[in-house]
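The values are calculated or read from the model by the stated rules, or taken from the named source; none is laboratory data. Owing to the predicted nature of the structure, the values given are computational and were not obtained by experimental measurement. Heads up, the Cβs are rebuilt from the backbone with ideal geometry, glycines too, and the neighbour counts pull from every protein chain shown. The protein model used for the area step is the full one, side chains on, heavy atoms only, and it has no ligands, DNA or RNA in it. Shrake-Rupley method; radii C 1.70, N 1.55, O 1.52, S 1.80 Å.
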Amino acid sequence: MPLGAAPRLPTSRGMIPFSVLDLSPIIEGGTAADAFRNSRDLAQHAERWGYNRYWVAEHHNIPGVASAATSVLIGYLAEGT
């Protein structure tokens, strides 16, 4: 997909814009800080590629998920996009 071309799905009613939903997973052997950096990288790519929205999922008490405090993650992402 060319840079700046928003990803869209054609339908009978026009085009549906795509968004990103990020759980900010902590990969095996990684840390929450690594997950935050990976999420920022994904957000920056989504912005460059023209995605409609970037959503952050909020899940509590789940090992391997760094997005329990979405306000902290959103602030970090906003600083980098």
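Values for this structure:
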{"item": "Qualifying residue in region 28-50 (condition: under 29 Å from M15 (Cβ atoms) and not in a helix (DSSP H, G or I))", "result": "yes"}
{"item": "Residue count, region 38-80 (criterion: β-branched (V, I, T) and within 11 Å of the chain's Cα centre (by Cα))", "result": "2"}
{"item": "Members of region 22-56 that are among the aliphatic types (A, V, I, L, M) and either out of contact with any Lys or Arg (no Cβ under 9 Å at 6 or more places or on another chain) or open to solvent by 80 Å² or more (accessible area, probe 1.4 Å) (or both)", "result": "L23, I26, I27, A32, A33, A35, L42, A43, V56"}
